[in-house]
Amino acid sequence: MELLKQVIGELRPKKDVVNKCIIVLDSINSEIKKKKIKAMAVLGGSIAKGTFLKDDYDCDIFVKFNLSYKKKDISNLLEKILKTFPRVNRIHGSRDYFNFKSNGINFEIVPVLNIKKAEQEINITDCSPLHVKWVKDNLDKNPKLSDEIRLTKAFCKACNVYGAESYLRGFSGHVLDILTIYYNGFIPLLENAVKWKEKEVIDFNNYHKGSALERLNKSKLSSLIVIDPIQPERNAAAVLSKENFLLFKKSANNFLKKPSKKFFEKKEITIKELKEKSKGKNLILLDIKAFDGKEDVVGSKLLKALNYINKNLVSNDFTIYKKGWKWDKKEKALFWFILEDEILSEYFKRLGPPIKNKENVKAFMKKHKKTFIQGKRICAKVKRSFRKPEELIKTLKKGKYLKERTKKIEMFIY
């Protein structure tokens, strides 16, 4: 397909990026040698695999510590190694890692144990270099798959299903590597994806021989089960939400019907576009200031805040046509709601128990002053707390739930 050749040409990164990463890698290895620590830094992630995208320069470096350090805090050891590097941040996690920026590249330096097989892992990150090796081994057999993986990643980023963080619940880079290699290309992946059923199983090595759903931990099952080739007892796609599973299938179907470059272009929504989309309706924008903290934690708080507002709008009878959000992964986020442009009635009808249930009817009448019988049920005429959505949101802003998840909320109505 000529279109895909053009897209691949635009996705391939500049060659000097790898050289910049190797300079940092060599510097880390030099410090390791000076401090006489039994460890070695290696490139990881998509840069090591040769599948990274143009202008998407995040470089993972794994510092592989000898197994003799398995009872020591290798994060503290790594912190000593990185002392000569400027503005290094320590990120807390199941095992602390570090990040810094150099020459326009974001570096994540991750301490791992130098294991040879997955069974030796102490922490989930210990298996990451084994995942890289698995992908590289497969790409060595079929080098054309590097560009096919680039297409898959760019496609998923554009249709907003990329990222395994808890606030995104999309496809991880690792899962997309497995899927593209398994189906032997981007187009075959899409052609198969449109036929996926709920709880589809992808078992690259046929480890479970058709019994994955019975053998895997039930709490780790998801709409798509991707058996990790390195850790076959693990569903690599466990975090994938049903919503993103269905969105990927829909996007795949739309692309196959009418291929276009727009499917590879991530478009940031603007306030101007939101105003145009909401003509004749009510647009509410919430300018959010987020708390500081780890990206995954802060993102989860923001998503919970969005869903909480949405849930309350729906339960108070406001009609929502569209909702969404964007976040700069620092401190600024924007929530938007496009609603029916209406002022709700002063009263609403609340259904009560069947009139034959006398005890419950009595309790219902005690609770509500204005009651009436409709059909075989008693009902009440109840005064609304909120007739406009902005009134409800103003009240929610003052509550504990949103105050614990957002630093500040400013509302704008169009």
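So here's what we get for this one:
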read-out: Some residue of region 109-123 being at pLDDT 95 or above, of a type in the set (A, V, I, L, M, F, W, C) and closer than 30 Å to Arg405 by Cα; value: yes
read-out: Odd one out for Leu306, checked against (1) free of Cβ contacts under 8 Å to residues at least 40 places away in the same chain; (2) assigned by TED's automatic domain parsing to the domain that holds Ala158; value: (2)
read-out: Residue within region 373-383 that is among the charged types (D, E, K, R) and within 40 Å of the chain's Cα centre (by Cα) present; value: no
read-out: Among the candidates Arg377, Arg350, Arg387, residue that is touching a residue at least 24 places away in the same chain (Cβ under 8 Å), touching a Pro at 6+ places or on another chain (Cβ under 6 Å) and over 21 Å from Leu168 (Cα atoms); value: Arg377
read-out: Single unsatisfied condition, Ile187 versus (1) closer than 17 Å to Ala236 by Cα; (2) more than 22 Å from the chain's Cα centre (by Cα); value: (1)
read-out: Residues that are more than 21 Å from Lys257 (Cβ to Cβ), in contact (Cβ under 8 Å) with a residue 40 or more places away in the chain and not charged (D, E, K, R), drawn from region 167-200; value: Tyr167, Leu168, Gly170, Phe171, Ser172, Gly173, His174, Val175, Ile178, Ile181, Asn184
read-out: Elements of type helices (runs of 4 or more DSSP H) in region 232-325, at least 2 residues being closer than 30 Å to Gly93 by Cα; value: 242-257, 295-315
read-out: Verdict on Lys407 being farther than 17 Å from Leu313 by Cα, at pLDDT 95 or above and surrounded by fewer than 16 Cβ atoms within 10 Å (Cβ to Cβ); value: yes
read-out: Scope region 104-122; condition within 22 Å of the chain's Cα centre (by Cα) and closer than 17 Å to His174 by Cα; matching residues; value: Glu108, Val110
read-out: Extreme residue, farthest from Val201 (Cα to Cα), among residues of region 244-253 that are of a type in the set (A, V, I, L, M, F, W, C) and surrounded by 20 or more Cβ atoms within 10 Å (Cβ to Cβ); value: Ala252
read-out: Verdict on Lys141 being under 30 Å from Arg12 (Cβ atoms) and not polar (S, T, N, Q); value: yes
read-out: Of the criteria (1) under 22 Å from the mean Cα position of the chain (by Cα); (2) closer than 30 Å to Ile181 by Cα; (3) modelled with pLDDT under 95, which one Lys14 fails; value: (1)
read-out: Residue ID - surrounded by the most Cβ atoms within 10 Å (Cβ to Cβ), chosen from residues in region 209-243 that are more than 23 Å from the chain's Cα centre (by Cα) and among the charged types (D, E, K, R); value: Arg215
read-out: Tally, over region 98-113, of residues that are in contact (Cβ under 8 Å) with a residue 40 or more places away in the chain and either in a strand (DSSP E or B) or in contact with a Pro (Cβ under 8 Å, 6 or more places away or on another chain) (or both); value: 10
read-out: Matching residues, region 173-204, being of a type in the set (S, T, N, Q) and surrounded by fewer than 19 Cβ atoms within 10 Å (Cβ to Cβ); value: Asn184, Asn192
read-out: Residues being closer than 30 Å to Lys381 by Cα and assigned to a strand (DSSP E or B) - total across region 326-351; value: 8
read-out: Test for Arg95: is it assigned to a strand (DSSP E or B) and either closer than 24 Å to Val298 by Cβ or modelled with pLDDT under 95 (or both); value: no
read-out: Residues satisfying the stated conditions in region 124-164, i.e. outside any helix (DSSP H, G or I) and surrounded by fewer than 18 Cβ atoms within 10 Å (Cβ to Cβ); value: Asn142, Pro143, Lys144, Asn160
read-out: Region 328-359: number of residues that are within 26 Å of the chain's Cα centre (by Cα) and at pLDDT below 95; value: 4
read-out: Residues satisfying the stated conditions in region 22-69, i.e. closer than 20 Å to Asp140 by Cβ and part of a helix (DSSP H, G or I); value: Ile22, Gly45, Ser46, Ile47, Ala48, Lys49
read-out: Candidate set from region 48-89 (those that are among the β-branched types (Val, Ile, Thr) and surrounded by 22 or more Cβ atoms within 10 Å (Cβ to Cβ)); member that is farthest from Phe100 (Cα to Cα); value: Thr51
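The values are calculated or read from the model by the stated rules, or taken from the named source; none is laboratory data. As the structure is a prediction and not an experimental result, all values here were calculated from the model. Cβ coordinates were reconstructed from backbone atoms using ideal geometry, including for glycine residues, and neighbour counts include every protein chain displayed.
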